[in-house]
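The values are calculated or read from the model by the stated rules, or taken from the named source; none is laboratory data. Predicted model only: the values in this text are computed from it and were never measured. Cβ coordinates were reconstructed from backbone atoms using ideal geometry, including for glycine residues, and neighbour counts include every protein chain displayed. Side chains are part of the model used for accessible areas, which takes the heavy atoms of the whole protein and leaves out ligands, DNA and RNA. Shrake-Rupley method; radii C 1.70, N 1.55, O 1.52, S 1.80 Å.
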Amino acid sequence: MSSIYSAPFSPEEIAAEGLKPEEYEEIVKRLKRHPNKAELGMFGVMWSEHCCYKNSRPLLKQFPTTGDRILVGPGENAGVVDLGSGEYLAFKIESHNHPSAVEPFQGAATGVGGILRDIFTMGARPIAILNSLRFGSLEDAKTRRLFKGVVEGISHYGNAVGVPTVGGEVYFDPAYTGNPLVNVMALGLMETPEIVKSGASGIGNPVLYVGSTTGRDGMGGASFASAELTDQSIDDRPAVQVGDPFLEKSLIEACLEAFKTGAVVAAQDMGAAGITCSTSEMAAKGGVGIELDLDLIPVRESEMVPYEYLLSESQERMLFVAHKGRQQELIDIFHRWGLNAVVAGTVIEEPIVRILFQGKVAAEIPAMALADNTPIYHREVLIKPPEYATEAWKWTPQSLPPCTRAGIEIQGNHKSWNDILLQLLDTPTIASKRWIYRQYDYQVQNNTFTLPGSADAAVVRLRSVSESHLNKGGKTDNDQSLVPSPQRGVAATVDCNSRYVYLDPYEGAKTVVAEAARNLICVGAQPLAVTDNLNFGSPEKPVGYWQLASACQGIAEACQQMKTPVTGGNVSLYNETVDATGTPQPIYPTPVIGMVGLIEDLNLACTQGWQAPGDLIYLLGLPIDLELLQTTSSQSAESLQSLGGSQYLATIHGIVAGKPPVVDFDLERSTQEVTLEGIRQGWVRCAHDCAEGGLAVALAESCIAGGLGAEITIGVETKTTASVERVRWDELLFAESASRILVAVSPEQQSNWESYLSKHSRHWQKLGLVTGEDSELRVMTADNQPIIELKITEVSAHFFNGIERRLQV
C-alpha cells in the first residue's frame, strides 16, 4: 500500500478535506489506488462526522427504535409514526450550527429549508416548524448580532415557504458564545399513496436531477460542520449555503404531485455533501450503483470542475430514480412549476458511484465505501467522571448565604423573594420569547391550535390531506376512505436543559426526555416518539466523549422507560470555539429531544394560563411539603429536588455546580398519567410543568399567561422554630425537579378530581386558588405570613421585557 507521503496530495491538502492520515491510507486500500481530487473531496465530506457519524454510531445503536406506531425509523430522511384514523406523521430534527455562527441569516434560513426537504422527500406535506436555539449572553454585542440574524433567517424562510413556526425553546449562556446552536424540527402529514424511500432500484431506471441549479455556494459544508470554529472561520462563508424559500415552495408542490403519479421509485434531498451524498446513499441503500453525468446538471456558474459539482451544497435540489419510460411525465410536472428537471444518470448493476464529466470518468468509488462502510471509532469511555464534574458535585446548598422568609443577603445586599423572582423572570432564558415569535408567521395554513408562549407544547390541528390512506406497511388501502375527525391534533416540543447535562450527562439526559414527555402531557397529548439532535464538543477528547456516551445512555434508558422510541435525528459534534490563544472552548453538551404526541380531542387541550378566578390550584408529583417529600419516592429528597444546576443558582449566585435533580420514573409516569386523565375527563382546565426557576417561576408564568392572580400556601409555620430551621426558603421557591406539574380545576369538579386522585395517586397537594384580574401572586406560609407578594402587572412587565430591553443597547 502506498504511503501517504507518496500520495499526489500533501498532508495539508488531505487534512484540508477533513481526513486523517490513517483515513487516507484506508481510501487508498479500498480503491487500490490513490484518489483524484474529486474523489478525495467525496471521501472528505462523506467520511465527515456530519455525514457518517463515525464517532457516535456505536452509541446510537442502544436507542429503542421500534414500537406499535413506528412505521419508519432511523435510516431514512425522516421518521414516520402512525396517528391512527388513516393519518401518518413524518418528523425530524436537524442542526445548522456552524453555518449560523459565521453567517447567521443564511445559516438559519437554509437550516429550515433543509429540514423541510427531509419531510416532503418522504411524501409528507410540511405542517409545522419548531426550533431549539442557544446563544451566548445578550450583554455581548456579537451575540446580539448572531441572535438577530438567526431569528431573521428562520422567519424569512419559514414565512415565505408557508409553513408555520409554532414553537421552540431558546437558552442564553456564556457557554455558547461564538458557537450558537440552531436546531430545527419539522413535522409533516403524509400526502402520498406510499411512503417514499431513498433506496435506488431497477437496473436501467433513469436518475433525475430536479429543482434549482448548482453553483459554488455551500462548498464543503459537511466538512465545515465537522470542525471546530476558529477566529478564521469567517473565511469559510462560501461553505454556507444560500436559500430561496419561494423556489422551495414550488419544489414542495412539484415533488408531492410527482410522488402521487407512482412514477418515482426513490427520492433523496441534496443536503449535506450535495450530489455526492445523494448518489452514494441512494445507491448504497438500494444495493445498486448510479452513473451520473455532470455535463447534464443545470448550473448557475461557468467553468465548474467535478470537485465543485460534487461538493456544492446549493439548496432546493433533489435526486429521483424514476420508473423507466415515465421520466418525461415527471419532467413535465417540474417544468410546469418553473423548476429544472433533467435525466442526468442511470441506475447500474455494479454497486459503484460513477461520475462522468466531459466524456470521461471523473470519479468512480464503491457506493458502500462512501455511504455505509465508513470509518467507525470505538472510543474508550472514562471509567471515573472527570474532575470538573466531581468538583461540581461537592457543592451543597449549605455554602449559600443563610436566608429567611424575608429574603437573602447576597454580597452585602438584601434581596427579598419578590426581587429574586422578578430577576429570574427578567433573565432571557426564562423571559418571554415574544420578540422572537412575533417575527414568525405561526398561523399560516390555519391549523395552529395553541399560540406560541401560551402552552407547554405546540399543538397543530390535524386535517385530512388525502382521500387515500396508508396501512402499516406504507401501502394504500384503496377500498377505504377515512376522513379524520377535525377534533384531533398533534403536539410537539423540543427540550434540553443543557446545564443539567453538563453537570451530569447521564442523569441530565434522562431529565430532558422526561421533561419533553411532561410538556406534551400538559397540553393533553399522549407522547409517541422522539427525534434527537446531539450537540456536543469534540469526541476525540476524553471528557467530550464521556459526555456524549453518558448522555446517549441516559436518553436510551429514558426513552425505554417513557415508551417513546427514537425514529432518527442528527449528531452535531466539534461544537467548540478555538480562541485566539488556540484553546478550544466546548459548548455545554446539549442533546435536544424533539418529541411528538397525539391529542384525540382538541376541545380538551390545555394551555398553561389560569382560566377563571376561584379555580383550585394543585401540585401533582413531587410535593413541596417537607414531610411528604420524604415519603414520596425511594430516592432521597435532595436528589429529587435540587438547587444544583438550577437557574436560580446560576442567575442569582453566579454558580454552576451541584447535582441536577434525578428522575424517579415510577413517580414521573404516575404524575403524567393522572394529569393526562384529568385533562381527558375535562377536570383539569390548565396545566404547566415546573421547570427552570422552580415552583415560583411556574406559578408566575401561569399567572402571566392567564392574566389572573393566585393565592398559594406553602406548608411551613413560621411560629414553629423547628419547622423554620429545616427550611431553605430558596429551595422551596426555586429548587428544580422532575415530576412536578401545576394544574387548576374548577370548584365544581373538585370532588370528582380529588376522588380520582385519592384512588390513583399519593403524589399531590392542593396549593391554593386562582384570583381575579389586576390581582397578585401571593405565596404565604401556613400561618398566613407573606413570602412573595407581587402585582401581576409588575410580574408581566419584567417577563415580557427581559429580551427586548437587552436588544435596545
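Has region 748-770 got at least one residue that is in contact with a helix residue (DSSP H, G or I) (Cβ under 6 Å, 6 or more places away or on another chain) and aliphatic (A, V, I, L, M)? For region 748-770, residues in contact with a helix residue (DSSP H, G or I) (Cβ under 6 Å, 6 or more places away or on another chain) and aliphatic (A, V, I, L, M): absent. Among the strands (runs of 3 or more DSSP E) confined wholly to region 268-357, which include 3 or more residues that are farther than 28 Å from HIS96 by Cα and not aromatic (Phe, Trp, Tyr)? Filter on region 268-357 gives 289-293, 340-348, 352-357. Being within 19 Å of GLY199 (Cα to Cα) and open to solvent by 70 Å² or more (accessible area, probe 1.4 Å) holds for only one residue in LYS360, LYS324, LYS384, and it is LYS324.
Residues that are touching a Leu at 6+ places or on another chain (Cβ under 6 Å) and closer than 13 Å to TRP393 by Cα within region 646-660 comprise ILE655, PRO660, listed in sequence order. Summed over region 658-670, residues that are under 24 Å from the mean Cα position of the chain (by Cα) and open to solvent by less than 10 Å² (accessible area, probe 1.4 Å) total 4.
Would you point out the residue of region 739-766, among those that are open to solvent by less than 10 Å² (accessible area, probe 1.4 Å) and not polar (S, T, N, Q), that is nearest to GLY644 (Cα to Cα)? The residue in question is ARG740. Comparison of GLU291, GLU313 shows that the only residue that is in contact (Cβ under 8 Å) with a residue 60 or more places away in the chain, closer than 21 Å to ILE365 by Cβ and under 26 Å from the mean Cα position of the chain (by Cα) is GLU313. Remark: LEU319 falls outside the filter, which requires a residue to be in contact (Cβ under 8 Å) with a residue 60 or more places away in the chain, in contact with a Gly (Cβ under 7 Å, 6 or more places away or on another chain) and buried (at least 24 other Cβ atoms within 10 Å of the Cβ).
Consider TYR388 carefully, then state whether it is of a type outside the set (Val, Ile, Thr) and part of a loop (DSSP other than H, G, I, E, B). Judged against the criteria, TYR388 is not a match. I'd like to check something: does region 711-726 contain any residue that is surrounded by fewer than 20 Cβ atoms within 10 Å (Cβ to Cβ), at pLDDT below 95, outside any helix (DSSP H, G or I) and aliphatic (A, V, I, L, M)? Taking every residue of region 711-726 in turn, none turns out to be surrounded by fewer than 20 Cβ atoms within 10 Å (Cβ to Cβ), at pLDDT below 95, outside any helix (DSSP H, G or I) and aliphatic (A, V, I, L, M). Restricting GLU291, GLU313 to residues that are among the charged types (D, E, K, R), crowded, with 20+ Cβ neighbours inside 10 Å and closer than 18 Å to GLY243 by Cβ narrows the list to GLU313.
Confirm whether SER137 is in contact with a strand residue (DSSP E or B) (Cβ under 9 Å, 6 or more places away or on another chain), of a type in the set (Ser, Thr, Tyr) and crowded, with 22+ Cβ neighbours inside 10 Å. Answer is no for this residue. Test SER155 against the criterion of being touching a strand residue (DSSP E or B) at 6+ places or on another chain (Cβ under 6 Å), of a type outside the set (A, V, I, L, M, F, W, C) and under 22 Å from ARG438 (Cα atoms), and give yes or no. Criteria not met by SER155.
Looking across region 177-188, the residues that are closer than 21 Å to GLY594 by Cβ and either under 16 Å from the mean Cα position of the chain (by Cα) or surrounded by fewer than 24 Cβ atoms within 10 Å (Cβ to Cβ) (or both) come down to PRO180, LEU181, VAL182, ASN183, VAL184, MET185, ALA186, LEU187, GLY188. Inclusion of ILE704 among residues that are at pLDDT 95 or above and either assigned to a loop (DSSP other than H, G, I, E, B) or open to solvent by less than 10 Å² (accessible area, probe 1.4 Å) (or both) is not warranted.
Screening the candidates GLU794, GLU789, GLU736, GLU773 for the property of being open to solvent by less than 30 Å² (accessible area, probe 1.4 Å), touching a residue at least 60 places away in the same chain (Cβ under 8 Å) and among the charged types (D, E, K, R) yields one hit, GLU736.
Restricting region 416-439 to residues that are free of Cβ contacts under 8 Å to residues at least 60 places away in the same chain and under 30 Å from ASP783 (Cα atoms), the residue that is nearest to the chain's Cα centre (by Cα) is ASP419.
Here are some residues: GLY678, GLY645, GLY682. Which one is crowded, with 23+ Cβ neighbours inside 10 Å, part of a loop (DSSP other than H, G, I, E, B), of a type outside the set (A, V, I, L, M) and modelled with pLDDT of 95 or more?
Result of the check over GLY678, GLY645, GLY682: GLY645.
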